[in-house]
Each structure stands twice: as C-alpha cells, then as structure tokens.
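See below for the structure under consideration.
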Amino acid sequence: MSSSNPGQGAVQGVLFRGGTSKGLFVREGVLPGPGSLRDELVLELFGSPDPLQVDGIGGSKSHTSKLMIVGASDRSGVDVEYTFGQVAVTDPVVDWGGNCGNLTSAVGAFAVHQGIVDVPTGADAVDLSLLNTNTGTLIDQTVPVADGRLDVYGDYAIDGVPGTGPRIPSRYRDPAGGVTGALFPTGTAVERVTRDDLDVTVTVADVGNPCAFLRAADLGLDGTELPDDLSERPGLLERIERIRGVACERVGLVDDAANASAESPAVPQIALVSEPTPYDTSVDSHVDAVDVDVTARIVTSGTPHHAYAVTGAMCLAAAARLPGTVPSEVVRPGDGSVRIGHPKGVIEIGVELDDEGDAPHVDAVTVGRTARPLFVGEVQYRYVGELASLAPGGIDTGAATNTGSND
C-alpha cells in the first residue's frame, strides 16, 4: 500500500446504552494510555469538534458523546474497574474529571457481555463490585443474566427510554467527595455568587459528581421549562455557564472561572431546582406535583439535559436531604428516597444518610436503570495529526488496531 494512503485504523468496541445515555465502551488496553494521543484518537472517533459530530460516532448531544474504558480489576474486593471520558461536542476536549451515572449502569453489563467476568452456571444475576477510577467511588451492581448471557428482556421502565428491560440496581458506596475531596467543597452548604452582573445563591455539593444547585426562580424561571425552552431563552445558557464557572473556580477545578468551559466542561454540573410542580413533559406525558419530591432541570457540558444526569440526580437527592442547602428549601419533607421531576418524567434515587455525628455523612445512594448493547464492531479513524504515529510503519503503541482498510 502506498505510504500516501495508509488506509484507516480501527478501534474495537461496543455502542452501549446505559440509562438515558449511550456511548462507546472499549476494553482496557484497546486505546493508548492517558495523554494527548488518547484524547486526539477519542476526538477523531467521535467526530469532535463539530456540532453534529457528523464525521464520527457522536450523537451531537452531551448524553450521546461518552466513552467508557472497562477492564478486570486485580484489587481485593473489586471485580471491574472503569474510566469515564466525557467527549465535548463543539470543543476539542475530553473531560476525564468525573463519572457518568447513566453509563455506569452499563459497565457490569458490558463486563458480562465481553466475558470480562464469569457468569456462574444457572445464575439469573451476577453481583459485581465496580471501581470508578475517575472518582475512586465503589459501586455494588447486580447484572441480570439468562442462559449464561446478558439478559436484556424485562418489564422495568425508566422515563426517557422507550420500552422496558431488566432493572440494574447500582449502589454507590460513600460517594461524597469523589472529585473534590469534600461533601461541600466550598466549605459551606450555601453561598452567594456575586460577580459582574451575577447575584445568586448556590449550593455546591460533591456526591457522585460535583454539582452546583440554584433556585430556578433566581433566573426568572418557574423550573418546569423544557430543554428547548432553556436553549432558546436569550443569554440564559451563557449566564448559567458563568455561574458554573465561578463554582468551578471556587472548588479548585480551574484557576479562572472564564476557563471553565475549556478546562472542565463536564464538572461541576449545574441544576435549577424548584418545589414539586405539575408540568407537561417533552414526551407527551404529564407529571403531577404529588408524583415528585423536587422539580429540577440540569445542564451538562453547556446543554440542557433531555432527561437528567444520574450522577447529578444522586447529588441532588443527597443535597435535598441535607439541612441548609438550596435543594432542601424546595424538597418535599421526608427522608430516604427522593423523586426528581425532569423533562421526560421522574427518576428516583435512594439516599442513605448518617446524621448522628458532628456533620452528616452520605453512606450510599442507589439508582435503578436499564442497559443493552446496540452495536458491536470497529470504529474507524484516520492517521491524522498525532495519530500518524499509529499508522503502519509508525510507532507501535500496542493499543489502537490498524485494519489497513480504506472503508
């Protein structure tokens, strides 16, 4: 083959839906190690930066532009380790700073599907312990199986996904402070953001992922707006991003709030909360106030989420049950689980708190999701830029596979 036409390389992987997200799952060792080469390869695979990601497998939304790297663990008490990458859509950035709760629900399923873990003979489920390497969080997960294989048939439904499947429960152990090292990384449960024309009250909490919560009313909203409503309101998303940038700076993820969208686009997430309120969803259904404990809308990577990010839901549920926070002002009184009203319906998060000490402690949060593989095969990439080192005759990284094809 002519050196001027080296063909394309390929990465073996599985397109997997987990909860209301989907992304590329690959086995540990398939991609180069951490660094600029890996990031450039991931951006090439997904077709970023481009708002449509038309030249890659990304789906043009933050919840469809995700990557999971999964492998067996040699740590005691851990079966599977995984690393999450949030692939920016319009910027050349892969954010490795947090976790994805929706796609976490598919990690055990991928491990079963790929034979990373064994399925006991006659079992109807496999109990696994997962470790998220981004945050150090441990997750107990039960993966349904049938006839020795991953089971994708069941009657459990989640709002935001058509159809049903078997329930996959994930219990996140001691989830606070995984990214920032503290439940309240700014040192307080509530504070004011006053910078330039901003003047809002914010709670920044870190449970699953860091999240900043503010009152929808402080932005002139009633909290029941749908994603298109938020996107089309002039200047709103830009203002929300500036608030998020200040929160990002205050928890030490960036040195300058103005650089947050480039340096830490995925975390902290930012959400607008309001009291339980009836509203029509984006999928022609209706949510009554009695069906939820809090109403919320979350913005991830600069885009209003079509439903609700699971790590954001875990953080909101925990924060809502902690005194003095912005979410605690609007949540329906109670303890234990929290039902969050989002644009496509409701997500329920179980919360286990220990509030008997000097400071409350989040013992665990639990969520149920469904997951299934959508496509198994090779994702093609070109030998451009730094990826030229992967071309035939280039540097052998022992990772990404060269197929030599011209497809």
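Could you pull out every Cys in the chain that lacks a partner Cys with its beta carbon under 4.7 Å away?
Lone cysteines by the Cβ rule: C100, C248.
Using a/c under 1.5 as the rounded threshold, could you call the stretch 282-346 rounded, prolate or oblate? The axes a ≥ b ≥ c are square roots of the C-alpha gyration tensor eigenvalues, and prolate needs a/b larger than b/c, oblate otherwise. Working shown, then result.
Values: a/c = 2.27, a/b = 1.27, b/c = 1.79.
Note, shape of the stretch 282-346 comes out oblate.
Quick one, can you get me the convex hull of the C-alpha atoms of the stretch 168-210 expressed as volume per residue in Å³?
Numbers: hull volume 4.2 nm³, N = 43.
Dividing the Cα hull volume of the stretch 168-210 by its residues yields 97 Å³.
With contacts defined as alpha carbon pairs under 8 Å and 6 or more residues apart, what's the relative contact order of the chain in percent?
Values: 1000 pairs, mean separation 85.0, N = 407.
The value is 21 percent.
For the chain, with every protein chain kept in place, what is the accessible area per residue (1.4 Å probe, Å²)?
On the way: 16430 Å² over 407 residues.
On a per-residue basis, 40 Å².
Toward the positive end of the charge dipole of the stretch 177-328, about the Cα centre and with charges on Cβ (Lys, Arg +1; Asp, Glu -1), which of A296, P185, V267 goes farthest?
P185
Just going by the charge dipole of the stretch 329-375, with Lys and Arg at +1 and Asp and Glu at -1 on Cβ, which of T370, I347, G357 is farthest out on the positive end?
The listed residue farthest towards the positive side: T370.
For the chain, what is the charge dipole size about the Cα centre, in debye to the nearest 20, if Lys and Arg each add +1 at the Cβ and Asp and Glu each add -1 at the Cβ? Walk me through the numbers before you get to the answer.
On the way: 27 positive and 56 negative charges, 123 e Å.
Magnitude of the dipole: close to 580 debye.
Which ³J(HN,Hα) values, rounded to whole Hz and listed in residue order, are derived for the stretch 114-126 from phi using the Karplus coefficients 6.51, -1.76 and 1.60 in 6.51 cos²θ - 1.76 cosθ + 1.60 with θ = phi - 60°, glycine and proline given as x?
9, x, 5, 10, 7, 10, x, 4, x, 6, 10, 6, 10
How about K66: which aspartates and glutamates have a C-alpha closer than 16 Å to its C-alpha, ignoring those fewer than 8 places off in the same chain?
E28, D39, E40, E44, D50, D55, D91, D95
Among L183, L52, L150, whose mean-square fluctuation peaks in a Gaussian network model of the chain (Cα, cutoff 10 Å)?
Per the Cα network of the chain with a 10 Å cutoff, L52 tops the list.
Using only DSSP helix segments of four residues or longer, with each worth -39500 (n - 2.57), what per-residue ellipticity at 222 nm results for the chain after dividing by its residue count and rounding to 500? Walk me through the numbers on the way to the answer.
Values: 8 runs with 63 residues, N = 407.
-4000 deg cm²/dmol, from helical runs alone.
Rounded to the nearest percent, how much of the accessible area of the chain (1.4 Å probe, protein heavy atoms only) is carbon and sulfur?
Working: 7570 of 16430 Å².
Carbon and sulfur: 46 percent of the exposed surface of the chain.
Starting from the 7 Å offset along Cα-to-Cβ, what nm value, one decimal, do you get for the label separation of R239 and L353?
About 3.0 nm, to one decimal.
Over the Cα atoms of the stretch 112-205, Rg to Rh with Kirkwood Rh, two decimal places?
For the stretch 112-205, the value is 1.18.
Let's see if you can work this out: charge +1 on each Lys and Arg Cβ, -1 on each Asp and Glu Cβ, no other charges. What is the dipole magnitude of the stretch 28-124 about its Cα centre, in debye to the nearest 20? Display every interim value, and only then the final one.
Working: 4 positive and 13 negative charges, 34 e Å.
Magnitude of the dipole: close to 160 debye.
Find how much the distance from S231 to D291 grows on full extension, using 0.36 nm per residue of separation minus their present alpha carbon separation; answer in nm with one decimal. Provide the component values of the computation, followed by the final result.
Values: separation 60, 0.36 × 60 = 21.60 nm, distance 2.61 nm.
Value of the extension gain: 19.0 nm.
Rounded, prolate or oblate, given the Cα gyration tensor of the stretch 3-69, with a/c below 1.5 counting as rounded? Before the final figure, lay out the partial values.
Details: a/c = 1.87, a/b = 1.31, b/c = 1.42.
Since a/c reaches 1.5 but b/c is at least a/b, the shape of the stretch 3-69 is classed as oblate.
Let a ≥ b ≥ c be the square roots of the eigenvalues of the Cα gyration tensor of the stretch 150-223; is it rounded (a/c under 1.5), or, if not, prolate (a/b larger than b/c) or oblate? Please list the in-between numbers first.
Details: a/c = 4.61, a/b = 1.74, b/c = 2.65.
Cα axes put the stretch 150-223 in the oblate bin.
Taking only Cα atoms and a 10 Å spring cutoff, compute GNM fluctuations for the chain and point out the largest among S389, S328, S60.
Comparing S389, S328, S60 in a Gaussian network model of the chain, the most mobile one is S389.
Quick one: among D291, D91, D355, which has the greatest mean-square fluctuation in a GNM of the chain with alpha-carbon springs under 10 angstrom?
Top of the fluctuation ranking is D355.
In whole angstrom, how long is each semi-axis of the equivalent ellipsoid of the stretch 74-114, when you take the square root of 5 times every eigenvalue of its Cα gyration tensor and sort them from largest down?
Details: eigenvalues 119, 31, 14 Å².
After diagonalising the Cα gyration tensor, the semi-axes are 24, 12, 8 Å.
Of G71, T133, S48, whose Cα points farthest to the positive end of the dipole of the stretch 4-142 (charges on the beta-carbon: +1 Lys, Arg; -1 Asp, Glu; origin at the Cα centre)?
S48
Amide H neighbours of I270 under 5 Å, at least 5 residues apart or on other chains, H built in the peptide plane: list them.
Close amide H contacts, sequence-distant or interchain: A212, V299.
If amide hydrogens are placed 1.01 Å from N in the peptide plane, which non-local residues have theirs closer than 5 Å to the one on N134?
F84
Cα-based Rg of the stretch 222-334 per 2.2 N^0.38 Å, rounded to two decimals?
Values: Rg = 14.6 Å, N = 113, 2.2 N^0.38 = 13.3 Å.
In units of the 2.2 N^0.38 Å rule of thumb, it is 1.10.
In the chain, if every C-alpha pair distance is counted and binned at 10 Å from zero, what percent goes to each bin?
Answer for the chain: a P(r) of 5, 23, 32, 25, 11, 3, 0, 0 percent.
The values are calculated or read from the model by the stated rules, or taken from the named source; none is laboratory data. Predicted, not measured: the structure shown is a model, and the values here were computed from it. Using ideal geometry, Cβ is built from the backbone for each residue, glycine included, and neighbour counts are taken over all protein chains shown. Note: areas computed on protein heavy atoms with side chains; ligands, DNA, RNA excluded. Shrake-Rupley method; radii C 1.70, N 1.55, O 1.52, S 1.80 Å.
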